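The values are calculated or read from the model by the stated rules, or taken from the named source; none is laboratory data. As the structure is a prediction and not an experimental result, all values here were calculated from the model. In this analysis, Cβ positions are derived from the backbone assuming ideal geometry, glycine residues included, and neighbour counts consider all displayed protein chains.
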Amino acid sequence: MSDIQNKNIQIEDDEEDEWDARIRRTGCHKENEALLICKFDTKDWRKCTKELKAFKDCMDNYMNHNRN
């Protein structure tokens, strides 16, 4: 692979994906990350109710403050 192709791959890997960008704009990225880490660690969403509630509350707050 050429140096140019390697640089293009590196740039693409460093870019934030659309999902993460949307979550970050809500201000709930920390809560989302905690939820994802819990799911990864426990392999069971049912064990992440505290993290899920925190994320849901954050998103509800965001939605309530951004209604037109």
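So here's what we get for this one:
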read-out: Qualifying residue in the stretch 3-20 (condition: surrounded by 12 or more Cβ atoms within 10 Å (Cβ to Cβ) and modelled with pLDDT of 80 or more); value: yes
read-out: The stretch 40-60, residues that are of a type in the set (Val, Ile, Thr) and in contact with a Lys or Arg (Cβ under 8 Å, 6 or more places away or on another chain); value: none
read-out: Flag for Asn64 being of a type outside the set (A, V, I, L, M), in a helix (DSSP H, G or I) and at pLDDT 85 or above; value: yes
